[in-house]
Ligand SMILES: C[S@@+](CC[C@H](N)C(=O)[O-])C[C@H]1O[C@@H](n2cnc3c(N)ncnc32)[C@H](O)[C@@H]1O
């Protein structure tokens with residue numbers, strides 16, 4: 001049943017975006033999370049989904065005004081996805097990668113206007129719409145479980161795929177960054193203690209000048 005707030009907003013605002021923003025959304029339960037954890041514990045590699053404080057700290061690093069798609073790798077039950085939407089990123093701009101089928105099905109149900117791919121996040125760039133502009137890449141995949149060469153490759157490709165100011169945001173339970181900062185890439189971090197377990201948000205940003213330089217190098 002439509003809530004009173006939703007009915008009032010429909011009457012007073014009436015735009016499709018406003019209605020979409022307040023439409024009742026399917027949530028997820030801890031049982032949904034446990035189902036995915038049971039199916040593939042190594043891929044999930046966490047005792048709980050990200051808490052609200054952590055999800056919002058990650059979403060806060062994405063500028064909703066940068067045009068393009070926001071790519072989320074390892075979206076799980078969709079806690080960070082919800083925070084991105086609350087941040088003002090329209091669901092249609094989200095492309096979610098999730099390898100566990102139970103999570104993939106849940107995400108498709110919860111975020112029916114987003115694009116949900118049951119593909120390997122390490123090959124996300126093969127599954128993007130042709131010529132799509134990317135605003136940011138957010139990752140919840142347990143990068144520390146993968147060899148350093150694969151981590152570097154993923155982060156570099158994610159930054160290369162974007163324009164000036166490219167951003168890659170990684171959730172991690174480790175105290176060391178998944179990769180050290182490289183040439184022309186700034187690394188910053190936030191520690192979120194209000195999460196179980198406490199977590200780091202690692203933010204890799206490529207400066208505009210270095211981005212132009214690296215694109216120039218590749219073209220030559
Ligand atoms: C630590 S959980 C994070 C889930 C969710 N983002 C959150 O914050 O609650 C890691 C997620 O990454 C997914 N995952 C791990 N490896 C993946 C891969 N190679 N491709 C796509 N998804 C992957 C897992 O299935 C799981 O949903």
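At a threshold of 8 angstrom on Cα-Cα distance, excluding pairs fewer than six apart, so keeping six or more, what relative contact order does the range 31-219 reach in percent?
20 percent
What share of the DSSP beta bridges in the range 31-219 is antiparallel, in percent to the nearest 5?
Taking every DSSP beta bridge with both residues in the range 31-219, the antiparallel ones total about 50 percent.
Once you order the gyration tensor axes a ≥ b ≥ c over the Cα atoms, which shape class does the range 84-132 get: rounded for a/c under 1.5, otherwise prolate or oblate by comparing a/b with b/c?
In terms of gyration-tensor shape, oblate.
Please state the shape class of the range 31-219: rounded when a/c is under 1.5, otherwise prolate if a/b exceeds b/c and oblate if not, all from the C-alpha gyration tensor.
Prolate shape, in that a/c is at least 1.5 and a/b is the bigger ratio.
Any read-out appearing in this document is the output of simple, stated calculations on the displayed coordinates, not a laboratory observation. Quick caveat, the model's predicted, so the values are computed rather than measured.
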